[in-house]
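Notes follow the structure.
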Amino acid sequence: MIAPARTLSGADGLKRLSVATPAQPLRLDSGRTLDHVEIAYETWGTLDAEKSNVVVVCHALTMDQFAASPNPVTNRPAWWPSVIGSGKPIDTDRFFVICSNVLGGCMGSTGPASRKPDGSYWGTDFPIITIADMVRAQIALLDQLGIQNIFLAIGGSIGGMQVLEWTIQARDRVFAAIPIAVAPRQSAQNIGFYEVGRQAIMADPNWRGGRYLDEGTRPDRGLAVARMAAHITYVSESSLKQKFDRRLQDRQTKTFGFDADFQIESYLRHQGQVFVDRFDANSYLYITRAMDYFDLPNEHGGVLANAFRGLATRFCVFSFSSDWHYTPEEARDLVRALNAAGCETSYVSIDTDKGHDAFLLDEPEYEAALLGFIDAAASARGLPKRKQP
Amino acid sequence: MKSCPGSQGMRRADHVAIAQFINKGELVLDVGCGDGQLMELLQSERGARTRGLEVEQAGVNRCVSKGLAVVQGNADADLPVYPDDAYDVAILSKTIQELARPKFVLDELSRIARRVIVSFRNYGHWKVRTRLFTTGRIPNLGHGAGWWSDGARRPCTARDMAELADEAGLKIAAATAVHGKPVNGRSLTRLNWTAEDLVFVLERKG
């Protein structure tokens with residue numbers, strides 16, 4: 001299979017809009033600018049006459065804009081069907097939902113797998129980007145679509161970082177925000193894990209100093225290892241024990257070799273293999289680097305609460321008890337800062353053994369709290385009530 | 001707001017007694033809000049804006065599912081982050097006798113809110129005094145199996161609470177028995193004899 005990033009030419013059926021031109025470049029945190037930026041996006045539901053029912057969904061590291069419908073390029077199903085759809089907490093019968101592929105991503109938005117104006121691939125010539133840069137591009141996209149105010153910004157993991165950045169950059173244009181399974185700053189532990197992944201990619205001889213697209217090679221081995229290492233952090237020790245424990249894969253005894261004797265090895269290898277078919281290795285470098293640089297307290301004089309002071313946005317923060325990628329304690333730091341800033345804040349911690357990935361899964365208590373918060377916010381915003389099933 | 005006839009029996013008497021002191025549009029922090037019954041009452045019948053703090057996560061999740069703004073947190077530890085004068089009213093509904101640091105919490109709440117309302121069991125009630133006098137044991141006003149199992153960790157009287165308020169730089173602006181009419185702070189002697197459950201409205205002195 002061909003990775004989608006490599007065939008992007010506009011003939012792939014993805015919706016995209018230009019958000020930066022030489023006349024209006026995108027200014028990045030690094031000081032560099034990008035003159036040509038396209039952002040690919042997908043929408044569901046109908047924009048109301050007042051443009052007051054807009055929900056912005058921010059995707060996580062390896063996801064894309066296909067939150068609520070299948071991806072026509074990879075044929076993968078929607079990644080958040082339990083949360084977005086008719087009658088779901090983000091009800092597409094009531095809201096106009098938009099999800100865009102992040103700047104630096106590889107599902108149609110401009111990134112290291114895109115071509116420069118001269119026709120060669122960006123590769124590692126692409127400027128280093130931050131979460132704030134991603135949100136800058138998203139705000140520019142909404143501006144292009146003629147949308148000024150957002151009813152709700154929601155997202156998990158790095159999507160949650162974008163949600164926080166939305167409330168800060170688009171001050172008072174965001175009515176409600178739901179940051180899920182996220183921290184106000186990337187931890188040393190997470191930087192460490194993602195550095196392992198980046199080193200695995202860069203150690204792959206097919207990476208070619210980042211120029212593999214021009215040279216026609218693919219650092220699949222390195223990218224697969226990066227995915228395997230990261231995947232461990234998305235689940236919990238107890239769920240691994242329950243799912244695999246020390247069980248052997250299709251064999252009765254150990255082989256005294258380096259085959260995938262254990263089910264957990266086979267599982268991780270599979271996760272790595274299916275990932276390389278749909279993701280660009282350089283995109284992985286750039287997006288994880290943006291996560292590493294995310295440090296809201298540092299950007300606000302060392303006091304996290306300063307980031308949110310005076311915001312009219314109402315927040316609902318979610319964490320999951322067994323998440324060690326972004327821990328409940330980090331979520332509580334965020335909640336304390338929101339309270340200190342005087343923001344209207346709710347905080348829900350869901351008891352689960354499913355780890356970080358729980359934010360993508362069916363958890364009845366999670367969906368009930370999402371529904372309750374979103375309905376109350378919609379009512380406060382004066383949006384029509386949800387149809388009772 | 002239309003009243004809900006079926007919900008009348010569900011209301012806690014101390015909630016109704018507290019509600020009479022809340023005015024339309026006021027921003028209220030309910031410390032130890034449980035599953036949010038008082039917050040719902042204050043929103044629907046007094047037109048207040050409410051926020052809650054609750055130590056038990058299960059209660060928090062139920063509140064958020066009902067659309068209430070509630071965070072999980074511990075009053076004994078989490079109040080210092082709140083800014084000065086952030087709220088019109090802070091409420092401790094049957095909570096103050098459960099706290100590890102009631103003086104600290106009252107100090108913090110009086111900094112955060114212009115008014116603090118506390119509801120509590122009055123261990124100065126005549127039945128309590130009589131029973132202590134006749135049996136030599138602290139009577140248990142709750143339904144626990146013994147003094148060690150009851151929720152009330154700090155039995156105190158109306159006078160004890162008045163002393164704490166004074167220590168915290170607060171005056172009693174109004175007081176009422178949960179089943180009774182409000183009186184001013186000078187009528188404390190009678191309330192201390194006759195009220196099983198009390199509500200104090202506290203304001204900063206001077």
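The values are calculated or read from the model by the stated rules, or taken from the named source; none is laboratory data. It should be emphasised that the depicted structure is a prediction, and the values quoted were computed from it without experimental measurement. Cβ placement follows ideal geometry from the backbone for every residue including glycine, while neighbour counts extend to all protein chains displayed.
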Of everything in the range A:343-353, what is in contact with a Leu (Cβ under 6 Å, 6 or more places away or on another chain) and more than 8 Å from every other protein chain (Cβ to nearest Cβ)? Give them in sequence order. A:Cys343
Can you tell me how many residues within the range A:239-293 are surrounded by fewer than 17 Cβ atoms within 10 Å (Cβ to Cβ) and under 24 Å from A:Gly108 (Cβ atoms)? 4
The residue that is farthest from B:Trp147 (Cα to Cα), considering only those in the range B:47-66 that are more than 8 Å from chain A (Cβ to nearest Cβ) and assigned to a loop (DSSP other than H, G, I, E, B), is B:Gly47
Inter-residue pairs, beta-carbon under 6 Å, first closer than 19 Å to A:Ser236 by Cβ and without any contact (Cβ under 8 Å) to a residue 12 or more places away in the chain and in the range A:265-276, second assigned to a helix (DSSP H, G or I) and not hydrophobic (A, V, I, L, M, F, W, C), 6+ apart: none
Out of (1) closer than 26 Å to A:Leu164 by Cβ; (2) free of Cβ contacts under 8 Å to residues at least 40 places away in the same chain, the one A:Asp118 does not meet is (1)
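Determine whether A:Arg247 is of a type in the set (D, E, K, R) and in contact with a helix residue (DSSP H, G or I) (Cβ under 7 Å, 6 or more places away or on another chain).
Yes.
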Condition check for B:Asp150: modelled with pLDDT of 95 or more and on the phi < 0 side of the Ramachandran plot: no
Taking the range A:131-155 only, how many residues are of a type outside the set (A, V, I, L, M, F, W, C), part of a helix (DSSP H, G or I) and surrounded by 19 or more Cβ atoms within 10 Å (Cβ to Cβ)? 3
Can you work out which of the residues in the range B:67-81 that are over 16 Å from B:Thr95 (Cβ atoms) and crowded, with 19+ Cβ neighbours inside 10 Å is farthest from the other protein chains (Cβ to nearest Cβ)? B:Leu68
Has the range A:377-389 got at least one residue that is farther than 30 Å from A:Glu195 by Cα, crowded, with 16+ Cβ neighbours inside 10 Å, facing another protein chain (nearest Cβ under 10 Å) and more than 22 Å from the chain's Cα centre (by Cα)? yes
When B:Lys24 is run through (1) more than 26 Å from B:Asn122 (Cα to Cα); (2) within 14 Å of chain A (Cβ to nearest Cβ); (3) outside any helix (DSSP H, G or I), the failure sits at (2)
Within the set of pairs 6 or more residues apart or between chains, which connect a residue that is at the interface with another protein chain (Cβ under 10 Å from one of its Cβ atoms) and closer than 17 Å to A:His356 by Cα inside the range A:329-342 to a residue that is buried (at least 24 other Cβ atoms within 10 Å of the Cβ) and among the charged types (D, E, K, R) with Cβ atoms less than 9 Å apart? A:Ala331/A:Asp323
